[in-house]
There are 2 protein chains.
Amino acid sequence: MANLDGFFKSAFTVDNVIFGFDDGDLKILLIKRGEEPFLDYWGLPGYFVYPDENLDAAANRVLEELSGLKDVYLEQVKTFGAVDRHPAGRVITVAYYSLVKISDYKLNASSIAQKAKWFSIPKVSELPFDHSEILEACFNRLKRRVRTRPIGFELLPPKFTLTELQHLYESILETKLDKRNFRKKILAMNLLVDLNETQEGVAHRPARLYQFDGEKYEDLFSKGFNFEL
Amino acid sequence: MANLDGFFKSAFTVDNVIFGFDDGDLKILLIKRGEEPFLDYWGLPGYFVYPDENLDAAANRVLEELSGLKDVYLEQVKTFGAVDRHPAGRVITVAYYSLVKISDYKLNASSIAQKAKWFSIPKVSELPFDHSEILEACFNRLKRRVRTRPIGFELLPPKFTLTELQHLYESILETKLDKRNFRKKILAMNLLVDLNETQEGVAHRPARLYQFDGEKYEDLFSKGFNFEL
DNA sequence: ACATTTAGTGTATTTACTACACCCTGCCCC
DNA sequence: GGGGCAGGGTGTAGTAAATACACTAAATGT
């Protein structure tokens, strides 16, 4: 084998765009950095990948250390490797996004995050490193993916109303949707279970609650069914 | 800044799935490896990324060293980083695919490639490292991308017939398409220029030749037009 | 000239998409 | 306890897009 020592001087990190949905708004979780560079800036959660750690595992670890959550939806999006993107040397980063139910989320005290906070996406301004570019790539990926895979449900509590679901899609896709057409289409797929329960304590007519039937989806999917919204 | 030295001991490579279309078949370019590990195996072209080189540049370099081609369509797909994927240490690889016109392709003698050869995709068997997985990911990406972006033309000579174009789509999508509906749809987009020329020297009725109008596409695209096939 | 091979064309049917407005139900407040 | 308020919930008609389908045309080779 040729001498490759000169190549083994790089590092890589994972960065994770963590999406949540709350209060009718799509949000992402940012942390106030506790280390240089960019000390005290709000940035994407991320960290170096350990030598004996797979990439997906590293992305999961970052998420779990920060939030305590396991088994969340996680998808690799793109790798960013501009030569000068990190001051400490050659560091490429593998960007992931994940979808969490904000109701499950519980902030963990953590060495890498002094403070974490949910931000509505339009309110996110310039981020350190190339994190703005990473956010954009992940958001774009989510926009496309959410139309062809039933991953929106990862952002909602187990029981949800059709209006909540519609608002979720509206904030991801950044459009308005027609109520009747939306309901027609989503119900026609037969992937929602009507729980015969209604909201409580709302100051208006309570809405019916539904649940997503993941098993049924898997079954249909394996037979060639394509979710499409 | 905390001591991060322990992290700066990794390397990364790019691997490139180079697609071509010839003889009615979608093909990929493999090289017979000239180095350990996996000496003499057919594998994907790829190499280490130099310390001062961006990722896209490295993928372009690999392609150019091998084929002499510049300015080809290139897209990053996914990064593979299993801990044990490379015997020389921790090496993650960023997978790209590229689309070349086989007619332009001219084999370059190269240190990393003793020999290169086009393989029809179904005839590709097990590849070294995780290259089979990489191929699958890139092929899947191409299948999706080709339906929503006019990138198929990158694989055809500048002048082509509608039948050639249809066969190209059929071999990427691995389906049969209806001739009349295909022509109706593609011509309705008004992105093909009828050159008023016909094939010569064919033992049947010669077909008209068309050219893809990339400028027109860019113009329409910027106004919200979506290619969709 | 005739057999072979691929090129090229139109219509009818079905299916999916879009646009659109009113009544219902429960709570709150006066 | 009656009226107002705030969403919840429902159907149809028109339009556009997708599909299925079969014959004639033009060149070459024998």
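Screening B:Gln166 with (1) farther than 30 Å from B:Gly43 by Cα; (2) touching a helix residue (DSSP H, G or I) at 6+ places or on another chain (Cβ under 6 Å) gives one miss only, at (1).
Only one entry of B:Asn181, B:Asn140 meets the criterion of being open to solvent by less than 90 Å² (accessible area, probe 1.4 Å), part of a helix (DSSP H, G or I) and more than 16 Å from DNA strand D (Cβ to nearest atom), and that entry is B:Asn140.
Scanning the stretch A:39-59 for residues that are touching a residue at least 12 places away in the same chain (Cβ under 8 Å) and at the interface with chain B (Cβ under 8 Å from one of its Cβ atoms) returns A:Phe48, A:Val49, A:Leu55.
Hey, does the stretch B:26-38 have a residue that's touching a strand residue (DSSP E or B) at 6+ places or on another chain (Cβ under 9 Å) and facing chain A (nearest Cβ under 7 Å)? No, there is no match, as no residue in the stretch B:26-38 is touching a strand residue (DSSP E or B) at 6+ places or on another chain (Cβ under 9 Å) and facing chain A (nearest Cβ under 7 Å). Scanning the stretch B:165-186 finds one or more residues that are more than 13 Å from DNA strand C (Cβ to nearest atom), of a type in the set (Ser, Thr, Tyr) and within 14 Å of chain A (Cβ to nearest Cβ). Taking the criterion of being within 17 Å of A:Phe139 (Cα to Cα) and within 14 Å of chain B (Cβ to nearest Cβ), the residues of the stretch A:60-84 that qualify are A:Leu74, A:Glu75, A:Gln76, A:Val77, A:Lys78, A:Thr79, A:Phe80.
A single member of B:Leu173, B:Leu127 is of a type in the set (A, V, I, L, M, F, W, C), within 15 Å of DNA strand D (Cβ to nearest atom) and either open to solvent by less than 30 Å² (accessible area, probe 1.4 Å) or modelled with pLDDT of 95 or more (or both), and it is B:Leu173. Got at least one residue in the stretch B:145-164 being polar (S, T, N, Q), within 10 Å of DNA strand C (Cβ to nearest atom), touching a residue at least 24 places away in the same chain (Cβ under 8 Å) and not in a helix (DSSP H, G or I)? Yes, there is a match, as at least one residue in the stretch B:145-164 is polar (S, T, N, Q), within 10 Å of DNA strand C (Cβ to nearest atom), touching a residue at least 24 places away in the same chain (Cβ under 8 Å) and not in a helix (DSSP H, G or I).
Filter the stretch A:187-216 for residues that are touching a residue at least 40 places away in the same chain (Cβ under 8 Å), within 16 Å of DNA strand C (Cβ to nearest atom) and open to solvent by less than 80 Å² (accessible area, probe 1.4 Å) and give the result. Correct list: A:Leu191, A:Ala207, A:Leu209. Has the stretch B:10-17 got any residue that is within 13 Å of another protein chain (Cβ to nearest Cβ), part of a helix (DSSP H, G or I) and open to solvent by less than 30 Å² (accessible area, probe 1.4 Å)? No, the stretch B:10-17 contains no residue that is within 13 Å of another protein chain (Cβ to nearest Cβ), part of a helix (DSSP H, G or I) and open to solvent by less than 30 Å² (accessible area, probe 1.4 Å).
Each row is one residue, and each column tells you yes or no for (1) within 18 Å of B:Gly81 (Cα to Cα); (2) aliphatic (A, V, I, L, M); (3) out of contact with any Gly (no Cβ under 6 Å at 6 or more places or on another chain).
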site	(1), (2), (3)
A:Leu39	no, yes, yes
A:Gly43	no, no, yes
A:Asp52	yes, no, yes
A:Asp56	yes, no, yes
A:Thr79	yes, no, yes
A:Ala82	no, yes, yes
A:Val91	yes, yes, yes
A:Tyr105	no, no, yes
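Of all positions in the stretch B:209-217, at least one carries a residue that is farther than 21 Å from B:Val100 by Cβ, away from every other protein chain (no Cβ under 14 Å), more than 15 Å from DNA strand D (Cβ to nearest atom) and out of contact with any strand residue (DSSP E or B) (no Cβ under 6 Å at 6 or more places or on another chain).
The values are calculated or read from the model by the stated rules, or taken from the named source; none is laboratory data. None of these values were measured; they are calculated from a predicted model. All Cβ positions, even for glycine, are placed from backbone atoms using ideal geometry, and neighbour counts span all protein chains on display. These accessible areas exclude ligands, DNA and RNA; they are computed on the full protein's heavy atoms, side chains included. Shrake-Rupley method; radii C 1.70, N 1.55, O 1.52, S 1.80 Å.
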